[in-house]
Amino acid sequence: MLRKLLLRIISCSLLIIVVALPAVSSISPAQAFTYGGVSIKPLGPDADGQPRRSFHLVTAEGTEIRDQVAVTNNSADQVTLFVFGSSHNLENNKLELVPPDETTAGDPTRWITWNTNEVTLAPQGSKAVGFIIKVPNNADVGDHVGAIMTSVKANPAKNRGQSGLNVVTQVGIQLALVVPGDLVRDLKINKITHTINRRNARTLSFIFNATNRGNASLYPAVDAKISGFFGRVGEQLGVKLDGIARNQTSDFNYNWIKRAPYFGRFVANFTFHLGEKEQHNKDGTTTMLPDKTITARYVFWIVPWLELLYLLLGIFVLYLLRSVWLYVLVLNRLRTKTMTYTVVAGDTITKIGAKLGADPRVLAKFNLMRWPYEVKPGDILLIPTGRYAGGEWRDRHWEILSNREFVGGILGHLFRQFKAHHIADRIAGRPVADRAKYNIVIVDAGDTIQDVAQFAGTTLETIIKLNRLRPPYRLRAGQELLIPKKRVKSSRKRK
C-alpha cells in the first residue's frame, strides 16, 4: 500500500529505497533502518517503552503533534542528507510537492512542517530532525499512511564524464496516523480473473482487482470453495492477502493449493474476511470492531487448449494418412481396366467368377464386398480386365480426374454408403433419378448425343435434361448415360 506513494519520488535518477514496514521482523527494534551508509529511525519509545521502528500516531482533527527522527551517516565521507515525506518528490536536489490525487490526498506527510529538510553530517555523525504534524480540521476519519524519507544529496561532480546515471540512496520508515472516529470498512471486488501455469504443475491462480472505499486500511483473508459439474472440487480457508490502503485499487494474487482441473465449467465462491479492527473513538476510548465479510462469486471455464491442439493435430495426421491411402487406392483402381456385370437371379460371387473366368476372391476384394459376399439381382459389379500403362494411362489419368462423375462412382464403391451412380450424381449436382424407369447405355468411341438420342428413340432435349449435360455436349468413351427404358433396343450394350 505504500509502494504507490513511494513511486512518486522516483525521478530520472536511479533510487535505492529501503522502507521500514511494521511487518518486517528480521530487524531488531533497537536497530535503525540502514542502507548504503545512511540510517534513519524514530526517536523516543513506543507506548510500551520500547524503541520504535515506525511512527504509529493517533491524532484528532485540528490538533498537532511534535516528533523527531534521527538520521545517521555511517560512511567514511561527509554527506548532506535530505529529510522529507512521501508527499514530495526529490529531483535534481530539489523537493517538490506531489499534486494530490485520490490515492495520495490523505498522505499524512502533507501535514508535516519540518525544522529543516537538509542536514550535513560528518563521518559516523548523527542528528535529530524535528517536525510538527498539524492535522486539518476537515481531515478524514480513519487511517492515513505515508513514509518519512532520507536521501543523500547527489554530487554532480562525481558523475562528470559518466553516462549521466545518478545513483542515490534513499531510506524510509512508515508513518501511520489514525484520526479518531467511526471506521468504515468497505472493500469492493471489481473483477476476478484466473490463470493456469502449465509449466508449474498446472498451478491455478486467481487475481482479485479490489478497491478500498472505506476510511481504514484493510488486510483481508480469503476463504475459497470451488465446485464443478461433478460436485465440490475443494476448499481453501484463511489465506491472507496483502494490505490495501484507503482509496487504493490493487490486484491481489491468490494461489490455489491444488492442481487445476483439466476441463469443465467451475464456480468459485470467495468470502473475504476483513478481520477485527480497533477503532479509536473521539472520546479517547477504543472499540474492537468484529470481523466483516464480503462475498464474491466467479464462474469460469477451464479448457485444455494445448491438449486439444495436440489432439486436433493427431486427428489431422491420421486424416492425412487416410487420404494418402485413399488416393493410392483410387489410383490403383483407376489404373485397372474394368468391365461391368449386372447380377441376375441365381448369381453368386462364385458363379460370377466361374462365368467370367475370374477369381471370386479377387472380385469380392475389388468390389469391397464383405463376407458372406452376398449379391442381389440388379447389383452392378466391376470386373478387372487388365491394366493401363504408359501413355495410355497418362492420358486416361488426367481425363478421369477431371471427370467428377467417374471419380464419384469410384468413391461410391470405396465407401459403400450408396451406389456409385448415386455418389456421382451428388458430386455432379444432379438429382438421383429413379433408375428402375431407365436403362444405362455406355458410350462408344465416336458416339455423339444425336446417336444416343436416335438409338433411344427420344429427343436430344430428353437426353440432355435427364443426364444434365452441358454444352458442347461432347461424350467420352465409356461414359454412362440414362435413357428411357421402354425404348431400349436389345442389340445395344447395356449395364
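On the given criteria, is residue 180 modelled with pLDDT under 90 and surrounded by 16 or more Cβ atoms within 10 Å (Cβ to Cβ)?
Spelling it out, it is not the case that residue 180 is modelled with pLDDT under 90 and surrounded by 16 or more Cβ atoms within 10 Å (Cβ to Cβ).
Quickly run through region 284-317 and pick out the residues that are within 28 Å of residue 243 (Cα to Cα) and outside any strand (DSSP E or B).
Listed by number, the residues that qualify are 284, 285, 290, 291, 292.
Say whether the condition of being assigned to a helix (DSSP H, G or I), in contact with a helix residue (DSSP H, G or I) (Cβ under 6 Å, 6 or more places away or on another chain), surrounded by 11 or more Cβ atoms within 10 Å (Cβ to Cβ) and at pLDDT 70 or above is met by at least one residue in region 457-477.
In the first step, residues of region 457-477 are kept if they are assigned to a helix (DSSP H, G or I); the result is 460-467.
If we keep only those that are in contact with a helix residue (DSSP H, G or I) (Cβ under 6 Å, 6 or more places away or on another chain) as well, we get 460, 463.
Filter once more, so that each one left must be surrounded by 11 or more Cβ atoms within 10 Å (Cβ to Cβ): 460, 463.
If we keep only those that are at pLDDT 70 or above as well, we get 460, 463.
Within region 457-477 (the criterion being assigned to a helix (DSSP H, G or I), in contact with a helix residue (DSSP H, G or I) (Cβ under 6 Å, 6 or more places away or on another chain), surrounded by 11 or more Cβ atoms within 10 Å (Cβ to Cβ) and at pLDDT 70 or above), the answer is yes, since at least one residue qualifies.
Before we move on, is residue 165 among the hydrophobic types (A, V, I, L, M, F, W, C), exposed (fewer than 12 other Cβ atoms within 10 Å of the Cβ) and modelled with pLDDT of 90 or more?
No: the conditions fail for residue 165.
Among what's in region 90-106 and is buried (at least 17 other Cβ atoms within 10 Å of the Cβ) and more than 39 Å from the chain's Cα centre (by Cα), pick the residue that is nearest to residue 118 (Cα to Cα).
Ranking the candidates gives 95 first.
Within the set of pairs 6+ apart or on separate chains, which have a first residue in region 307-325 that is closer than 26 Å to residue 199 by Cβ, a second that is surrounded by 10 or more Cβ atoms within 10 Å (Cβ to Cβ), and C-beta atoms under 8 Å apart?
Here the result reads 307/262, each pair linking region 307-325 to a residue that is surrounded by 10 or more Cβ atoms within 10 Å (Cβ to Cβ).
All but one of (1) small (Gly, Ala, Ser); (2) modelled with pLDDT under 90; (3) exposed (fewer than 11 other Cβ atoms within 10 Å of the Cβ) hold for residue 314; which doesn't?
For residue 314, the failing item is (2).
Any idea which residue in region 215-234 is surrounded by the most Cβ atoms within 10 Å (Cβ to Cβ), counting only those that are of a type in the set (D, E, K, R) and under 13 Å from residue 266 (Cα atoms)? Let's see the steps before the verdict.
Just the residues of region 215-234 that are of a type in the set (D, E, K, R), to begin with: 223, 225, 232.
Next cut, under 13 Å from residue 266 (Cα atoms) only: 225, 232.
Details: 225: 15, 232: 9.
Step by step, filter region 215-234, then rank; the result is 225.
Considering only region 427-439, I want to know if a residue exists there that is closer than 27 Å to residue 347 by Cα, in contact with a helix residue (DSSP H, G or I) (Cβ under 7 Å, 6 or more places away or on another chain), modelled with pLDDT of 60 or more and crowded, with 16+ Cβ neighbours inside 10 Å.
yes
The values are calculated or read from the model by the stated rules, or taken from the named source; none is laboratory data. None of these values were measured; they are calculated from a predicted model. So basically every Cβ, Gly included, is an ideal-geometry build from the backbone, and we count neighbours across all protein chains shown.
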